[in-house]
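Q: Encoded as structure tokens, here's the structure I'll be asking about.
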Amino acid sequence: MPLFDLPLDELRDYRSESTEPEGFDAFWDTTLQEARAHELDARFERVESGLSTVEVYDVTFAGFGGHPVKGWLRLPAGATEPLPLVVEFLGYGGGRGLPHENLLWASSGRAHFLMDTRGQGSAWGGGGGTADPVGAAPAYPGFLTRGVDAPENYYYRRVFTDAVRAVEAARPHPLADAARTVALGASQGGGISLAVGALVPDLVAVAPDVPFLCDFPRAATLTDRHPYREIALFLKTHRGRAADVLRTLSYFDGVHFAARGRAPALFSAALEDQTCPPSTVFAAFNAWAHEDKAIEVYDFNDHEGGGPYQEAAQLYWLRSYA
């Protein structure tokens, strides 16, 4: 696939035309206050994984609405002192998988908390185990238009709230150093980490790779690849509702969360990425408020981005923070 978006020099200056909605901060303050009315009730149960260098715990905590959300906590075997904490969020359609998967961060000597994504986990990987018990208005199949009739009903309101609660659930663990907490993820996980980077005030670092859920007005009209295509297909049927849909999405746009980014950040973008076009990624990167930020650019890659090369970059970069 040839380059299809803006040239790199223009990407570095690109700013989104997404309009921040009135009451953005109040909306999220209220959402999180409502969630915190429910006890976290975080439970960590040791599981037998067959691994000798990593210990795995099956985690359940109360997310949005007090709904049970699953996760894995992975720790280096034999750890006795609090470790830097990496909280990771998953890509679109994936679930937390099996206990023996995803060993990078625990193998690096950190505590690794992986959050399951409610309602997902059936498109790739080893599956998920978190239901989404909330109903919604008519939507195009997928998750991107579920509850898009109003910000209060939107699917990602629940997911982003779950993510904040995941950080709150992981931090009190006796082997997690709450003062050295990192949020990261790729694609959807990158978009979730942007929200967490704005809504959790004291992270030490955020690392969103090829993040999804950014610059909705541009993404919905630039690419015909799913998941962003779900928006266009919904509007193809629900004619005349574009302004209302974009208003709802503006409460969840990574660009607006980025403007509230409070920690050092390492982004990545791929210039042939048609799933999360590079201009939408740069829109969030250029808006990121913390001055300590960097972006790795992969010239000839699609949505796989840097893959193991980006993992290596993160391992090196995080040495300064956690």
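The values are calculated or read from the model by the stated rules, or taken from the named source; none is laboratory data. Quick caveat: nothing in here was measured; it's all calculated off a predicted structure. Positions of Cβ are generated from backbone atoms using ideal geometry, with glycine treated the same way; all protein chains shown enter the neighbour counts. Surface areas here come from the heavy atoms of the whole protein model, side chains and all, with no ligands, DNA or RNA. Shrake-Rupley method; radii C 1.70, N 1.55, O 1.52, S 1.80 Å.
Q: Taking the convex hull of the alpha carbon atoms in region 1-134, what volume per residue do you get, in Å³?
A: Residue-normalised Cα hull volume stands at 202 Å³.
Q: Accessible surface of Arg46 in the full protein assembly, 1.4 angstrom probe, to the nearest 10 Å²?
A: Answer for Arg46: close to 140 Å² accessible.
Q: What accessible area per residue, rounded to a whole number of Å², is obtained for region 69-133 using a probe radius of 1.4 Å?
A: 33 Å²
Q: Quick one: Cα centre-to-centre distance for region 33-77 and region 131-191, in angstrom?
A: Comparing the Cα centres of region 33-77 and region 131-191, I get a distance of 15 Å.
Q: Continuing with the same structure: How large a share of the accessible area of region 144-232, in percent, is made up of carbon and sulfur atoms when the probe is 1.4 Å and the other protein chains stay in place?
A: Carbon-and-sulfur percentage of accessible area, whole number: 51.
Q: What does the helix-only formula give at 222 nm for the chain: each DSSP H stretch with n ≥ 4 adding -39500 (n - 2.57), the total divided by the residues, and the result rounded to the nearest 500 deg cm²/dmol?
A: Here the helix-only value at 222 nm equals -9000 deg cm²/dmol.
Q: Region 228-322: which chymotrypsin sites (Phe, Trp or Tyr not before Pro) are DSSP loop and have at most 15 other beta-carbon atoms within 10 angstrom?
A: Phe300
Q: Right, here's the next one. Sorted by accessible area (1.4 Å probe), largest first, how do Val182, Val204 line up?
A: Val204, Val182
Q: Next up: Considering only DSSP beta bridges where both residues belong to the chain, give the percentage that are antiparallel (nearest 5).
A: 40 percent
Q: A further question follows. What accessible area per residue comes out for region 201-259, rounded to a whole number of Å², with a 1.4 Å probe?
A: 37 Å²
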